[in-house]
1. What's the number of the condition E73 fails, among (1) in contact with an Asp or Glu (Cβ under 9 Å, 6 or more places away or on another chain); (2) surrounded by fewer than 19 Cβ atoms within 10 Å (Cβ to Cβ); (3) within 19 Å of L233 (Cα to Cα)?
2. Scan (1) small (G, A, S); (2) without any contact (Cβ under 8 Å) to a residue 60 or more places away in the chain; (3) under 23 Å from G160 (Cα atoms) for the single condition G32 breaks and write down its number.
3. Take the conditions over 14 Å from E23 (Cβ atoms), under 17 Å from the mean Cα position of the chain (by Cα) and at pLDDT below 95 and apply them to L217. Does it pass?
4. How about the range 1-58: which of its residues are at pLDDT below 95 and of a type in the set (K, R)?
5. Does the range 103-121 contain any residue that is outside any loop (DSSP other than H, G, I, E, B) and surrounded by 24 or more Cβ atoms within 10 Å (Cβ to Cβ)?
6. With the condition kept exactly as written, say whether any residue in the range 164-179 is hydrophobic (A, V, I, L, M, F, W, C) and over 19 Å from T55 (Cα atoms).
7. Out of the range 219-230, which residues are closer than 17 Å to F82 by Cβ and either of a type in the set (D, E, K, R) or assigned to a helix (DSSP H, G or I) (or both)?
8. I need a count of the residues in the range 33-89 that are under 15 Å from I168 (Cα atoms) and among the aliphatic types (A, V, I, L, M).
Amino acid sequence: MTEPRRTFVLVHGAWHGGWCWKETRAVLEEAGHRVFTPTQTGLGERSHLLSRNITLETFVDDIANVLRFEALEDVVLVGHSFGGLAISGVADRMPERLRQLIYLDSMIMESGQCPFDTLAPEVVEGRILASEESSGGLSLPFPKPKSLGILTETDAAKLGNRLTPHPISTYRSPLCLKHPLTNGIPATYVVCTDPVYAPLETSRQLAKACDIPFIELATGHDAMITAPDALALLLLKIAG
């Protein structure tokens, strides 16, 4: 029996770009699936667009427009880390185009919250200070690979010099949802457990409160870098 052909849209997190999905995308495409890996405004190859005007709505627009202009339907929408916010926004706007949501070690929030609202005060203070010192308050400097769960030189080399500063304005802008989180779309939360990414504790608690089922993946936070093949296989398993 032939496996169904799925359409995946993979949304990266802070400091990354569509480039980070290269290996996972290759596995999915080799298995016969369609894969889109858009880069959000101000990051990656679109880093020249970095500005103080970028908000979470901008990030939602980025992904919603991919679905619209590529005429995508029945989409498995995957959001990694900060990318979880964009997929929640897209589910709120256009649920009719979606098959499933997969929150990959993701940040999730209730409507009206800002990303800084979900982080410990000392983390917020540290990030604001780093932003002021590095860019005059325009962006968050990218972290060291180790803080993303990247523990080997081989995996760190995959990042190269491609991490880019992240617009801090997206951390200060609210996620505006007209419907409950996930908007009725089936959702799964993948927790990367080796090591666990501490800043996401509030998001994991909210996912549990919303009865979103959990699946564990024994790798670091940047799973598409540290375990791209295993991640691809897990996405296929979840997508069915």
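1. The one condition E73 does not meet is (3).
2. Looking at each condition in turn, G32 falls short on (3).
3. no
4. R5
5. yes
6. No - not one qualifying residue is present in the range 164-179.
7. D222, A223, M224, I225
8. 6
The values are calculated or read from the model by the stated rules, or taken from the named source; none is laboratory data. Please read all numbers here as calculations on a predicted model, not as lab measurements. As a convention, Cβ positions derive from the backbone with ideal geometry for all residues, glycine included, and neighbour counts pool all protein chains shown.
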